[in-house]
Amino acid sequence: MRTHKTTAVLLAVAALMLTGCASEPTPAASPPASESADHDHGDHDVLVPSPTTTPDLDATATAAVDALEAYADRDLDYAAWFEQLKPHLHPTAVEAYSTVNPSRLPVVEIQDGAEAASTSTDTYAVVYVPTSLGDYTIELRRDDATASWGVTRFQPPA
């Protein structure tokens, strides 16, 4: 009897599988027209739009280096450090970096040769900044091609 029940179960599973295969597939729903590739889904879950023009990569790299210099200035008390850093931050990053204790940051010397990734767009950029600890990866955003760059993330070397 055990074999008969097992066979019946296997036949039932096979029938369900065949029924699923015989039905026509449901086409995948396309996203609503209101969603665009650069719709913001949080600080770091953003689909990066394809570049329409090439931003000034040197200016982008300069903005990242200036921001890292302010961030790495650990000799200041918290209030002075944050006052100096805040203008370099994108509005979405201000709250996150307001909790950083600058005295706990590693001592770092910024070196020449910062380079913006070629995949940078008019509103999103990644810059690699050589330091005495290795390359920092700096992510920057701006609302449009005429706005100032603001850092959304300082990522230390691994």
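Where a number appears in this text, it was derived from the coordinates with a stated rule and is not lab data. These figures come from a predicted structure and were not determined experimentally. FYI the Cβ positions are ideal-geometry reconstructions off the backbone, even for glycines, and counts take in every protein chain you see.
Can you pull out the residues in region 122-138 that are within 13 Å of the chain's Cα centre (by Cα) and in contact (Cβ under 8 Å) with a residue 60 or more places away in the chain?
Correct list: Thr123, Tyr124, Ala125, Val127, Ile138.
If you take the residues in region 91-120 that are under 20 Å from Ala147 (Cα atoms) and aliphatic (A, V, I, L, M), which one is nearest to the chain's Cα centre (by Cα)?
Ala93
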